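Here's the structure, in structure tokens; my notes come after.
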Amino acid sequence: MIWCGCPHQLKNMSIRGLKKKQPKTFKVRIITVDAEMEFSCEMKWKGKDLFDLVCRALGLRETWFFGLQYTIKGMCTWLKMDKKVLDQEIPKEDPISFHFLAKFYPEKVEEELLQEITQHLFFLQVKKQILDEEIYCSPEATVLLASYAVQAKYGDYDPNFHEPGFLAHDELLPKRVLRQYQLTAEMWEEKITAWYAEHRGIARDEAEMNYLKIAQDLEMYGVNYFPIAQNKNHTDLLLGVDAKGIHIYSINNRFSPNKSFEWSSIRNISCSEKELTIKPLDKKAEVFKFFSSQLKVNKLIFQLCIGNHDLFMRRRKVDSIEIQQMKAQAREEKARKKMENQRLAREKQLREEAERAKEELERRLFQLEDEARQANEALLRSQEAAELLAEKAQIAEEEAKLLAQNAAEAEQERQRLEITALKSKEEKRLMEQKMREAELIAVKLVKESDRRAKEAEHLKQDLHEAREAERKAKQKLLDITRLNYPHMAKYPQYSPGDSRDANFDKGSIKLDLKDIDLKRLSFEIERERLDYLENSRKV
């Protein structure tokens, strides 16, 4: 049978069919410790359906540690897995917000956390709890934990890359620790970096595991606290639930429990409205009963007790096939990662060695270039020096020629001076000889002068005597003539007077001769006087 209809009717029927088949959905926002995701959920989905979707999106297989938490009326609670999401008392918002968090904590993180994503989520959550001071940690331990957190985030410390101030925007220490010590951010960074530098070669997952191994030994690690009141005297207390059991604390002390019930010693836990009862295995032991402020709190405590107890019992049983496969995969993954890390470490070491060799070569090249530059500069300087030296050599050569010429001239001058000196010596000797001769002549002349003076004096005296004698002779002759020839006066033409005159003339001749001798002597005296004056002038 073939049914026929118009195309318009067929189109309407197909649209109605699609509307009936398409289920109604609602949006949810899943907030993990480091990310946010949004999903569209069907109206009929239970909590487990949404939880499985989130785990698949994260690639998480160790689902038993986690849950979806939400806040309603100021109280944090967990989404129930076996009940529809919309049937639970959840916030009326679009999209509905859930926090994907660790609900139960392992006893030994290194043995129980198999997947890297599980380990990473635990690391981020515990780190946030320490920074928010939900888990108390000593200042020394916080610095060490911070160094592992830095190693997980930044890898190996590199002083060339991780310069001072690189942790300025990272929250690594609780505010309580920062307030407790009056240290600057630079001082805290220096302390953290000192530890951080010691973690060289540790991979990210290994650094996160080391962080968790330290954190799991803290007193408040993995403990969920609830305010309760004891049944008998209504004393305000704190009840803590963790992987090891149930602990009762004083209201102001969350470190040391007053009383503890390990899971192995608990026979039964019952919850009825606001009362919760813990029955020990030892029947003689006292049953512990307490009250909580709200029924929801009691139910939440009860859920945490059941979940922690189930995990406690699971740990002490033979692992299921799934857990064995996961552990085998985890071991293989760790071995593979170890080999990969070793390979990466070797490659990194080789790369660092290559970088160091490159830097050394670059340094050597730079050094050689610098040496070449210096050698080139030295060569240029040498060339300039050589040119200067050549010029100086030329100048020196010219100076040498000039000096040689001067030396020759000096030698000639020296010879001339020697000759002159010899001449001077000879002249000096001659001069000295002449001086000596002159002195002798002078002495001789003085003596001669004295002699001649005396001679002249004698001559003058002789002359005077001669003239006196002549006068006396004339007078005597006159007297004689007067006595002998008195008649001569009467005969003037020839008288004795004429003979007197003749005699007189003879005497005159004699006197003239004497006068001639005197003149000659005077001339000779005058000549000798002039010679003496000339010799004296020369001397």
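The values are calculated or read from the model by the stated rules, or taken from the named source; none is laboratory data. No experiment lies behind these values; they were computed from the predicted model shown. We place every Cβ from the backbone using ideal geometry, glycine too, and count neighbours over all the protein chains shown. Accessible surface areas use protein heavy atoms only, side chains included; no ligands, DNA or RNA. Shrake-Rupley method; radii C 1.70, N 1.55, O 1.52, S 1.80 Å.
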- Message: So, R0 is 56 Å and r is the distance between the beta-carbons of residue 474 and residue 422; what FRET efficiency does that work out to, to 0.05?
- Response: 0.20
- Please give the length that would be gained between residue 430 and residue 372 if that part of the chain were fully extended, namely 0.36 nm times their separation in residues minus their C-alpha to C-alpha distance (nm, one decimal). 13.0 nm
- Grab the beta carbon distance between residue 413 and residue 391, set R0 = 30 Å, and tell me the FRET efficiency rounded to 0.05. 0.45
- Using alpha-carbon positions, the gyration tensor of the range 111-191 gives root eigenvalues a ≥ b ≥ c; with a/c under 1.5 called rounded, otherwise prolate if a/b exceeds b/c, else oblate, the class is oblate
- Note on the structure: Gyration tensor on Cα atoms of the range 234-312, a ≥ b ≥ c root eigenvalues, a/c under 1.5 rounded, else prolate if a/b beats b/c, else oblate, says rounded
- Query: In Å, what is the Rg of the alpha-carbon atoms in the chain, and how long is Dmax?
  - Reply: 75.7, 251
- Query: What aspartates and glutamates could a cross-link reach from residue 299, if we take a straight Cα to Cα line under 12 Å and drop same-chain neighbours fewer than 8 places away?
  - Reply: 273, 275
- Message: Using only Cα atoms and rounding to the nearest 10 degrees, what angle (0 to 90) does helix 116-131 make with the longest principal axis of the chain?
- Response: 70
- What residues from the range 84-106 fall in the zone where the backbone N is under 14 Å from a label point 7 Å along the Cα-to-C-beta line of residue 294? 89-91
- Item | Per-peptide average of other Cβ atoms within 10 Å, ordering 345-352, 146-153, 99-106 highest first | 146-153, 99-106, 345-352
- Does the range 177-235 classify as rounded, prolate or oblate by the C-alpha gyration tensor (a ≥ b ≥ c root eigenvalues; a/c under 1.5 gives rounded; else a/b over b/c gives prolate, otherwise oblate)? oblate
- Message: Please compute the length gained on full extension between residue 134 and residue 399, using 0.36 nm multiplied by the number of residues separating them and subtracting their Cα-Cα distance.
- Response: 85.6 nm
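All other residues with a Cβ under 12 Å from the Cβ of residue 456 taken together, and with Lys, Arg as +1 and Asp, Glu as -1, what is their net charge?
-3
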- With the 1.4 Å probe rolled over protein heavy atoms, the chain has an accessible area per residue in Å² of 68
- Want the number for residue 320 to residue 285: 0.36 nm per residue separation, take away the alpha-carbon distance, what's left? 9.1 nm
- For the range 113-144, listing chymotrypsin sites (Phe, Trp or Tyr not before Pro) in a DSSP loop whose Cβ sees at most 12 other Cβ atoms within 10 Å gives none
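Which value in deg cm²/dmol, rounded to the nearest 500, describes the helix-derived mean residue ellipticity at 222 nm for the chain, given -39,500 (n - 2.57) per DSSP H run of n ≥ 4 and division by the residue count?
One gets -21500 deg cm²/dmol as the mean residue ellipticity at 222 nm.
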- Task: Report, ordered by chain and residue number, the aspartates and glutamates lying within cross-link reach of residue 392, taken as a straight Cα distance under 20 Å and ignoring same-chain residues fewer than 8 apart.
- Result: 384
- Message: Helix 295-315 against the longest principal axis of the chain: what's the angle in degrees, Cα atoms only, rounded to the nearest 10?
- Response: 80
- Label-to-label distance, nm, for residues given as residue 163 and residue 219 (7 Å Cα→Cβ offset): 4.4
- Mind grabbing the accessible area of residue 24 for me, 1.4 Å probe, Å², rounded to tens? 150
- Query: So how do 52-59, 245-252, 413-420 stack up, highest first, on mean other-Cβ count within 10 Å?
  - Reply: 245-252, 52-59, 413-420
- Amide N proximity, the range 298-328 versus residue 81 label position 7 Å along Cα-to-Cβ, cut-off under 12 Å: 307-308, 310-311
- With r defined as the distance between the Cβ atoms of residue 194 and residue 359 and R0 fixed at 35 Å, what FRET efficiency is calculated, to the nearest 0.05? 0.85
- Message: Longer than 26 Å from Cα to Cα, which of 73/244; 108/274; 296/317; 259/284; 153/338 are they? Say none if no pair is.
- Response: 73/244; 108/274; 296/317
- Where the centre of each part is set by its Cα atoms, how far does the range 292-364 sit from the range 251-269, in angstrom? 30
- Item | the chain: antiparallel DSSP beta bridges as a percent of all, rounded to 5 | 90
